[in-house]
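Enquirer: What follows is a single structure, and I will ask about it in a moment.
The values are calculated or read from the model by the stated rules, or taken from the named source; none is laboratory data. Values in this document were obtained by computation on a predicted structure and should not be read as measured data. In this analysis, Cβ positions are derived from the backbone assuming ideal geometry, glycine residues included, and neighbour counts consider all displayed protein chains.
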Amino acid sequence: MEINKYRRHKYPKVERKYGEIMGIKVSITTKTEVLEFINSRLETKDKFYIVTPNPENLLLATKDWLLQKAIRRADLSTPDGIGLKFAYKFLHAKDLEIIKGRELFLDIIKIADERKLRVYLFGGESGESEKAKEVLARTYKNITFKTHREFPQYSKNGQPVSEASRKMHKIILGSIKLFEPDLIFVAMNTPKQEKWIFRNFYRLLNVTGAMAVGGTFNYVAGSMKLPPKWLEKLGLEWVYRLIQEPWRFKRILNAVIVFPWRVFMWKINTPERTRSRAETERK
């Protein structure tokens, strides 16, 4: 079935400000406003989904129309990564609040615990979702969690890669529908997770909210350590990640070298009226 056959639900109109970095949407908001928005949507059961682009994701989106569409369609596109803060300041001479995706995930989990919600953990590497579920369930006892031990393999377009994966995909979607979670957190690499949500979220009629969370399950499960706070404050989290995961060298290079260069060239080659665009979007 074609993507465009899945129309958005009509929600009450809510004003949200956003800006753009190299043509890609980012939310101009605070964490307090984000949590108020999420609480409001959970109260009314109006569907919403959240993406958390970082410099590397944003670079990918400039060359991937479907990823760009998935980000633009998101109700919130909260910037995650100090590089986006510097880029926005450079392009628009305005501040942009960075909201760490993994921290926002835990804030939403706290809301789910207060509201006694049902939460589905989708994806993650080699059983990480199960480990994350066990860790979370020990602290947040009011939440009903569900996940699976294994998940299908997906292409970069967020689609099953084989017949076996398609069958497993259908089984898991059926399981999610039966479980009727209030929230679903999708943990895959970009662009898979954003496209998976874009393709599947509106089929899951009883799910109110979805969020792309990347490697968050790894941190929750304890298989990946968080960087020291002082490194985060200095914007040097990438150094810690490079030491922990040297195989990420190319991705980190894109975030700390290629991304700033592309932003610089964008400012030189793009008219002022396009660069300074910051609108109020109604959804």
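Enquirer: Being assigned to a loop (DSSP other than H, G, I, E, B), among the basic types (Lys, Arg) and farther than 16 Å from Pro181 by Cβ narrows it down to one residue among Lys131, Lys110, Lys94, Lys69; which is it?
Expert: Values: Lys131 fails: assigned to a loop (DSSP other than H, G, I, E, B); Lys110 fails: assigned to a loop (DSSP other than H, G, I, E, B); Lys69 fails: assigned to a loop (DSSP other than H, G, I, E, B).
Selected residue: Lys94, the only one of Lys131, Lys110, Lys94, Lys69 that is assigned to a loop (DSSP other than H, G, I, E, B), among the basic types (Lys, Arg) and farther than 16 Å from Pro181 by Cβ.
Enquirer: Additional query: Go through (1) surrounded by fewer than 16 Cβ atoms within 10 Å (Cβ to Cβ); (2) outside any helix (DSSP H, G or I); (3) of a type outside the set (S, T, N, Q) and name the single condition Phe122 misses.
Expert: Tallying (1) surrounded by fewer than 16 Cβ atoms within 10 Å (Cβ to Cβ); (2) outside any helix (DSSP H, G or I); (3) of a type outside the set (S, T, N, Q), Phe122 fails exactly one: (1).
Enquirer: Name the residue, out of Leu173, Leu183, Leu204, that is of a type in the set (A, V, I, L, M), under 17 Å from Phe48 (Cα atoms) and at pLDDT below 95.
Expert: Working: Leu173 fails: under 17 Å from Phe48 (Cα atoms); Leu183 fails: at pLDDT below 95.
Exactly one of Leu173, Leu183, Leu204 is of a type in the set (A, V, I, L, M), under 17 Å from Phe48 (Cα atoms) and at pLDDT below 95, namely Leu204.
Enquirer: I'd like to know if the range 158-171 contains one or more residues that are assigned to a helix (DSSP H, G or I), among the β-branched types (Val, Ile, Thr) and surrounded by 15 or more Cβ atoms within 10 Å (Cβ to Cβ).
Expert: As a first pass, look at the range 158-171 and keep what is assigned to a helix (DSSP H, G or I): 163-171.
Then keep just the ones that are among the β-branched types (Val, Ile, Thr); that gives 171.
Subsequent filtering for residues that are surrounded by 15 or more Cβ atoms within 10 Å (Cβ to Cβ) retains none.
Looking for residues that are assigned to a helix (DSSP H, G or I), among the β-branched types (Val, Ile, Thr) and surrounded by 15 or more Cβ atoms within 10 Å (Cβ to Cβ), one finds none in the range 158-171, hence no.
Enquirer: Continuing with this model, one more query. Within the range 199-219, how many residues turn out to be of a type outside the set (A, V, I, L, M) and over 20 Å from Leu66 (Cα atoms)? Before the answer, list the steps.
Expert: Keep residues of the range 199-219 that are of a type outside the set (A, V, I, L, M), which gives 199-203, 206, 208-209, 214-219.
Then drop every residue that is not over 20 Å from Leu66 (Cα atoms), which leaves 206, 208-209, 215-219.
The number of residues fulfilling the criteria is 8.
Enquirer: Given Arg73, Arg118, which one is touching a residue at least 40 places away in the same chain (Cβ under 8 Å) and within 14 Å of Gly209 (Cβ to Cβ)? It would help to see each step written out before you state the result.
Expert: Working: Arg73 fails: within 14 Å of Gly209 (Cβ to Cβ).
Result of the check over Arg73, Arg118: Arg118.
Enquirer: Looking at Ala210, is it at pLDDT 95 or above, assigned to a strand (DSSP E or B) and not polar (S, T, N, Q)? Outline the logic, then answer.
Expert: Values: at pLDDT 95 or above: yes; assigned to a strand (DSSP E or B): yes; not polar (S, T, N, Q): yes.
Yes; evaluated as a whole, the condition is true for this residue.
Enquirer: Is it the case that the range 156-163 has a residue that's acidic (Asp, Glu) and closer than 24 Å to Leu35 by Cα?
Expert: As a first pass, look at the range 156-163 and keep what is acidic (Asp, Glu): 163.
Now restrict to residues that are closer than 24 Å to Leu35 by Cα: none.
Within the range 156-163, none of the residues are acidic (Asp, Glu) and closer than 24 Å to Leu35 by Cα.
Enquirer: How do the pairs read when you match residues in the range 162-191 that are touching a residue at least 60 places away in the same chain (Cβ under 8 Å) with residues anywhere that are hydroxyl-bearing (Ser, Thr, Tyr) and part of a helix (DSSP H, G or I), using Cβ under 7 Å and keeping only pairs 6 or more apart or on different chains?
Expert: Listed pairs, sorted by first residue: Ala187/Ser129; Ala187/Thr216.
Enquirer: Of all residues in the range 252-269, how many are under 16 Å from Gly23 (Cα atoms) and either touching a residue at least 12 places away in the same chain (Cβ under 8 Å) or of a type in the set (S, T, N, Q) (or both)? Break it down into steps so the answer makes sense when it comes.
Expert: First, pick out the residues of the range 252-269 that are under 16 Å from Gly23 (Cα atoms): 259-269.
Subsequent filtering for residues that are either touching a residue at least 12 places away in the same chain (Cβ under 8 Å) or of a type in the set (S, T, N, Q) (or both) retains 259-260, 262-264, 266-267, 269.
Residues meeting the conditions: 8.
Enquirer: Among the listed residues Ala112, Ala137, which satisfies the condition of being over 30 Å from Trp266 (Cβ atoms) and in contact (Cβ under 8 Å) with a residue 12 or more places away in the chain? Working first, answer last.
Expert: Details: Ala137 fails: in contact (Cβ under 8 Å) with a residue 12 or more places away in the chain.
Sole residue among the options that is over 30 Å from Trp266 (Cβ atoms) and in contact (Cβ under 8 Å) with a residue 12 or more places away in the chain: Ala112.
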